[in-house]
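Only one structure is covered here, and it is reproduced in the block below.
Where a number appears in this text, it was derived from the coordinates with a stated rule and is not lab data. No experiment lies behind these values; they were computed from the predicted model shown. When we count neighbours, we look across all protein chains shown, and the Cβ atoms used for this are built from the backbone with ideal geometry, even at glycine.
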Amino acid sequence: RKEVEQDPGPFNVPEGATVAFNCTYSNSASQSFFWYRQDCRKEPKLLMSVYSSGNEDGRFTAQLNRASQYISLLIRDSKLSDSATYLCVVNEGSQGNLIFGKGTKLSVKP
Amino acid sequence: EAQVTQNPRYLITVTGKKLTVTCSQNMNHEYMSWYRQDPGLGLRQIYYSMNVEVTDKGDVPEGYKVSRKEKRNFPLILESPSPNQTSLYFCASRRGANYGYTFGSGTRLTVV
């Protein structure tokens, strides 16, 4: 079974801090990568896709390192509203079945 | 509004009483999937479907059935629910193999 591993946290950071999450995956054939955000007892929501060249969306930057098989998410200038669990998601291969990591919990404090 | 709709949102039932959780999407997505989420275990896939009449087992299919007779609907059936199926269930859909899932709001099921 292919795996996606994340540090469970929690990461407790002050407002305004920069925080980074890493995620490793075991299937070298994986082609699609995503970060999801999940608030407590709510459905996961797509935060951003991760592209080979890296990509940015406002305060969020995602990067992919295929050689080392990990992806990262950087959040700059953390807001209280960023408090959530962040899920790393990788497709399993040619059929594209998605594998979810167990998530990293982030708590941003005033 | 593009969405995945699952019903009911909350359900308390008794052991052995058959139930169905409905899931419908209005985005003409090919792929649909069911997940359950339990504390400490993350999201675990129950079944998925890549097209009408095409379904396959995920990681934890025991005790569940699905069907995909139409593209928009993907109901989850528990023929004889047991307490270990108490969980938070999510239905999800996506356009194709290289896309992310859009999730429904979840169904919190308690089996007593």
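Summarising the overall dimensions of the stretch B:12-92 from its C-alpha atoms, the Rg and Dmax are 12.4, 35 angstrom. Lys-Lys pairs in chain A that are eight or more residues apart or on separate chains and whose Cα atoms lie under 20 Å of each other come to 9. Mean per-residue shielding of peptide A:36-46 is 5, counting Cβ atoms of other chains within 10 Å of each Cβ.
The distance between label points at B:Thr86 and A:Asn12 comes to 3.0 nm (points 7 Å beyond Cα on the Cα→Cβ vector).
Ranking B:Leu43, B:Thr55, B:Asn84 by how far each Cα lies toward the positive end of the dipole of the stretch B:38-86 (charges on Cβ) leaves B:Thr55 at the top.
Among the trypsin sites (Lys or Arg not before Pro) in the stretch B:1-100, which ones are in a DSSP loop with at most 11 other Cβ atoms within 10 Å of the Cβ? Mind listing them? Could you put the intermediate results ahead of the total?
Numbers: sites: B:Arg9, B:Lys17, B:Lys18, B:Arg36, B:Arg44, B:Lys57, B:Lys65, B:Arg68, B:Lys69, B:Lys71, B:Arg72, B:Arg94, B:Arg95; in loops: B:Arg9, B:Lys17, B:Lys18, B:Arg68, B:Lys69, B:Lys71, B:Arg72, B:Arg95.
Sparse-neighbourhood loop trypsin sites (Lys or Arg not before Pro): B:Arg9, B:Lys17, B:Lys18, B:Lys69.
Of all beta bridges that DSSP places with both ends in chain B, some 90 percent have antiparallel geometry.
R0 = 30 Å: FRET efficiency of A:Asn22 with B:Glu79, Cβ-based, nearest 0.05?
The pair A:Asn22/B:Glu79 has a calculated efficiency of 0.15.
The label point for B:Lys71 and the one for A:Glu56, both projected 7 Å from the Cα toward the Cβ, are 3.9 nm apart.
Using a simple spin-label model with pseudo-atoms 7 Å out from Cα toward Cβ, A:Lys109 and A:Glu5 lie 2.9 nm apart.
Placing a label point 7 Å from the Cα of A:Lys79 along the Cα-to-Cβ direction, the residues of the stretch A:1-41 with a backbone N closer than 14 Å are A:15-17.
In terms of surrounding Cβ atoms within a 10 Å radius of their Cβ, A:Leu98, B:Leu78 rank from fewest to most as B:Leu78, A:Leu98. Ordering B:Tyr10, B:Tyr89, A:Tyr51 by the number of other Cβ atoms within 10 Å of each residue's own Cβ, fewest first, gives B:Tyr10, A:Tyr51, B:Tyr89. Beta bridges from DSSP with both residues in the protein assembly as shown: antiparallel share about 90 percent, rounded to the nearest 5.
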